[in-house]
2 protein chains.
Amino acid sequence: MRPAFSKNIAGMSGNMIREILKLTQQPEVISFAGGMPPVDAFPVDALREISEMVFDKYKGGIFQYGTSEGFLPLREFIVTWMAEKGVKTELDEVLITSGAQQGIDLMAKAFLNSGDGVVIEKPTYLAAIQIFSLYGAEFVYGDADEQGFVPQSLRRAAGEKNCKLLYLVSNFQNPTGITLAGERRQELADLLSELEMVLIEDDPYGDLRYSGDNIKPVKSYDRENRAVYLGSFSKIISPGLRVGFAVGPKEIVGKLVVGKQLSDVHTSNLTQAIIYEFCAQGLIKPHIESLKLHYRKKCDLMLELMSVHFPPTATWARPEGGLFIWVQLPEGTVATELFKEAIKEKVVFIPGGSFFAGGGGANTLRLNFSNATEGQIEEGIIRLGKVMNKFMA
Amino acid sequence: MRPAFSKNIAGMSGNMIREILKLTQQPEVISFAGGMPPVDAFPVDALREISEMVFDKYKGGIFQYGTSEGFLPLREFIVTWMAEKGVKTELDEVLITSGAQQGIDLMAKAFLNSGDGVVIEKPTYLAAIQIFSLYGAEFVYGDADEQGFVPQSLRRAAGEKNCKLLYLVSNFQNPTGITLAGERRQELADLLSELEMVLIEDDPYGDLRYSGDNIKPVKSYDRENRAVYLGSFSKIISPGLRVGFAVGPKEIVGKLVVGKQLSDVHTSNLTQAIIYEFCAQGLIKPHIESLKLHYRKKCDLMLELMSVHFPPTATWARPEGGLFIWVQLPEGTVATELFKEAIKEKVVFIPGGSFFAGGGGANTLRLNFSNATEGQIEEGIIRLGKVMNKFMA
């Protein structure tokens, strides 16, 4: 049989990053590819105790159908959690999602007709590019520099195609690690109103800041309520539990709830309750502090080793947080070819071209520092440095 | 702000059934509305023990990202589970979903372009109608009688519009309770090949048979591999854990995996592992047997009380399994009006019109017998009988 797939999915195969991740499950391969926490960073004992408490406290109710909006105590917690980030929100503006990625999918479902434009950065989060493509979106690229998205470029971009949505990772962007500068955030929020656009502010990494001052979300400047903020517990508790949230105007959240009802009905009550109790018991903040110490140390180590072992023509910036270091190789260097040499030496990364919708970025690559051990970082950067020196000679 | 929502979601508000379910959370209201297990039917102690075992056995790994295809041991279990149902399948034909409903959504995402036709029964599962609508589907109605879908009607239906998909609930259909007759299943499977159509066989209730013989899924007759079978643990373990599965040709499952990656990445590992261990420890079959005893008793009780208290002009068939009794009122009786009277007497049901895409069925209603206690069934049917007798006098 040759099934007649929908036109948007027909040409799509698996996400290249997830395919690379499968490769890296071979032993001895040192992977800087994924964006995963290391297994030893999960608060397993605490989560185990919390889950026992959840069974005691909620009993059979936790196994029943829940509301599509999400587990009420967790939604209430999100209201206070956002308030601490400078975002005033109300209960009916909060939806619990099965990871922040589902928030992107639900926003696409709520807004996009085939052919509509979406403004994105180049490069940006690969799965977001793919999700929008699956709804038939066309891309318009705003400008970005080392201070992040350039607000005034939205003026030009919004005029092209039928652009309703702007998608940004505001803190420690994936893949570049760049953070949208504080002074640009108010300006951007004001422009949303002027241009009648909706911002998807994706912020899975914002709590993982290793240097510099915290910056309030764009959403906190959003007086006309035109931004939907997507948060996640994947990077600060566990990705395997699949719990995130969306915070936005209730009119939009109402449509996200319709989409949620019609995709997975609701996120698992058990995982929502575990996340809630972990937060409510006051375990989340000390856990984030310990993750920050842990990741900062790995980030520093990787940067230090890179400056020793990488060829001088490779350049990168020190990220202030998040999980990634973004490397620029000289023009003409092809990172996918470098990848083939690196896998022979059992060290892998993500070639940066994947993050460029519409092409480009062949000479870039993304390194993750959270998942490997310090020993693996040391050995892996030495291996990769050798491969790079040979490849780029 | 007036956001420009996508054309398919713009007119859609919450699912009527879930809105009714919110109403029924008032105390004293006896609800025959939902399709929920009763809270006391959940194997809470066993699930608690299983979850402790999951923490011991899988440790931190359970909190890490998993593959989009699903938790490997659970996928392997599904292969044997399907074999017992007469369906030979292989590992790469199995995808774990966040409930069977996600399987419908992913099938729609994989196949439907806006304007494509989907063949459905009238009436059929409300959320399926809404999911297909969200992808811009148009509906073509096959014929159905007390033996279920009439295979030869697919010949006519498939010719209308660009129909690629046929959606059926093959056992104890929601809302009618009707089961597709065994002798029609081979014929239907053969027609799929002839007409180059793909069947979505949604079977959340198939394990809950109270009388008659088990019938093998349509999928078991599907020699050319044109059917995707959707199964669920919602009705036989817990809906709140949100675990279901899709089994189909690997070419189709490959596209479902792409859609899954781009909607929620993967289903929670913890809930998948809990479901797996519950099954692997041999707890699933005795639990299904106990549910069948429990639900059969409630079904019999409700039917007996209905025959005493309902007006003689109301008719219904005895379902052989599942969760619902489908009631026909005389032509011209409007069940949504009856509903308004019933809620005053604190008893609720689902007016059947919701299940008819494109209108119709105003004189029908759906009663659920699984969720209420025996005492509530007794009191509720007496109340509803009084309301009906008065309303229909």
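The values are calculated or read from the model by the stated rules, or taken from the named source; none is laboratory data. None of the values given here were measured: they were computed from a predicted structure. Every residue, glycine among them, receives a Cβ derived from its backbone with ideal geometry; neighbour counts consider all protein chains shown.
Here is a check on your reading of the model: is B:Thr24 more than 24 Å from the chain's Cα centre (by Cα), modelled with pLDDT under 95, surrounded by fewer than 21 Cβ atoms within 10 Å (Cβ to Cβ) and more than 7 Å from chain A (Cβ to nearest Cβ)? No: the conditions fail for B:Thr24. Given the criteria under 26 Å from A:Gln261 (Cβ atoms), buried (at least 23 other Cβ atoms within 10 Å of the Cβ) and among the hydrophobic types (A, V, I, L, M, F, W, C), does A:Val169 qualify? Criteria not met by A:Val169.
Screening A:Ala372 with (1) more than 21 Å from A:Thr179 (Cβ to Cβ); (2) part of a helix (DSSP H, G or I) gives one miss only, at (2).
Since B:Glu337 meets every condition but one in (1) in contact with a Leu (Cβ under 9 Å, 6 or more places away or on another chain); (2) part of a helix (DSSP H, G or I), which condition does it not meet? Checking B:Glu337 against (1) in contact with a Leu (Cβ under 9 Å, 6 or more places away or on another chain); (2) part of a helix (DSSP H, G or I), the one that fails is (1).
Restricted to helices (runs of 4 or more DSSP H) entirely inside segment B:52-142, those with at least 3 residues that are surrounded by 21 or more Cβ atoms within 10 Å (Cβ to Cβ) and either charged (D, E, K, R) or within 10 Å of chain A (Cβ to nearest Cβ) (or both) are B:100-111, B:126-134.
Listed here are the residues, each with its yes/no results for (1) within 24 Å of A:Tyr65 (Cβ to Cβ); (2) touching a Gly at 6+ places or on another chain (Cβ under 7 Å); (3) in the same structural domain as A:Ile178 (by TED's automatic domain parsing).
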position	(1), (2), (3)
A:Lys216	no, yes, yes
A:Ser238	yes, no, yes
A:Arg242	yes, yes, yes
A:Lys250	yes, no, yes
A:Lys255	yes, no, yes
A:Val258	yes, yes, yes
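Got at least one residue in segment A:140-161 being touching a strand residue (DSSP E or B) at 6+ places or on another chain (Cβ under 9 Å), at positive phi and at pLDDT 95 or above? The answer is yes; a qualifying residue exists.
Here A:Lys292 qualifies as more than 30 Å from B:Leu126 (Cβ to Cβ), in contact with a Lys or Arg (Cβ under 8 Å, 6 or more places away or on another chain), not in a loop (DSSP other than H, G, I, E, B) and not small (Gly, Ala, Ser). Number of residues in segment A:318-354 that are without any contact (Cβ under 8 Å) to a residue 24 or more places away in the chain and among the small types (Gly, Ala, Ser): the value is 1. Which members of segment A:296-320 meet the condition of being surrounded by 18 or more Cβ atoms within 10 Å (Cβ to Cβ) and among the β-branched types (Val, Ile, Thr)? None - no residue of segment A:296-320 is surrounded by 18 or more Cβ atoms within 10 Å (Cβ to Cβ) and among the β-branched types (Val, Ile, Thr), so the list stays empty. All of A:Ile104, A:Ile120, A:Ile129 fail the test of being touching a helix residue (DSSP H, G or I) at 6+ places or on another chain (Cβ under 6 Å) and of a type in the set (Val, Ile, Thr), apart from A:Ile104.
Taking B:Gly35 as the residue in question, decide whether it is surrounded by fewer than 22 Cβ atoms within 10 Å (Cβ to Cβ), more than 7 Å from chain A (Cβ to nearest Cβ), assigned to a loop (DSSP other than H, G, I, E, B) and under 21 Å from the mean Cα position of the chain (by Cα).
No: the conditions fail for B:Gly35.
Can you find a residue in segment B:8-15 that is modelled with pLDDT under 95, at negative phi, within 24 Å of the chain's Cα centre (by Cα) and not in a loop (DSSP other than H, G, I, E, B)? Yes, that holds for at least one residue.
Results for (1) closer than 30 Å to B:Asn8 by Cα; (2) over 17 Å from the mean Cα position of the chain (by Cα), shown as yes or no for each residue.
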position: A:Tyr125; (1), (2): yes, no
position: A:Asp143; (1), (2): no, yes
position: A:Val150; (1), (2): no, yes
position: A:Gly177; (1), (2): no, no
position: A:Asp203; (1), (2): yes, no
position: A:Gly206; (1), (2): no, no
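Looking for something modelled with pLDDT of 95 or more, polar (S, T, N, Q) and over 23 Å from the mean Cα position of the chain (by Cα) - is there at least one such residue anywhere in segment B:228-236? Looking through segment B:228-236, none of the residues is modelled with pLDDT of 95 or more, polar (S, T, N, Q) and over 23 Å from the mean Cα position of the chain (by Cα).
There is at least one residue in segment B:14-32 that is assigned by TED's automatic domain parsing to the domain that holds B:Arg383, out of contact with any strand residue (DSSP E or B) (no Cβ under 7 Å at 6 or more places or on another chain) and of a type in the set (Gly, Ala, Ser). Residues that are aliphatic (A, V, I, L, M) and surrounded by fewer than 24 Cβ atoms within 10 Å (Cβ to Cβ) were ranked within segment A:143-156; the one that is nearest to A:Glu187 (Cα to Cα) is A:Val150.
Does A:Val265 satisfy the criteria of being within 11 Å of chain B (Cβ to nearest Cβ) and assigned to a loop (DSSP other than H, G, I, E, B)? Here the answer is yes, as A:Val265 does meet what is asked.
For segment A:38-51, the set of residues classified as crowded, with 16+ Cβ neighbours inside 10 Å and farther than 30 Å from A:Ile325 by Cβ consists of A:Arg48, A:Glu49, A:Ile50, A:Ser51, listed by residue number. All of B:Leu323, B:Leu256, B:Leu230 fail the test of being closer than 30 Å to A:Tyr125 by Cα, surrounded by 24 or more Cβ atoms within 10 Å (Cβ to Cβ) and aliphatic (A, V, I, L, M), apart from B:Leu256.
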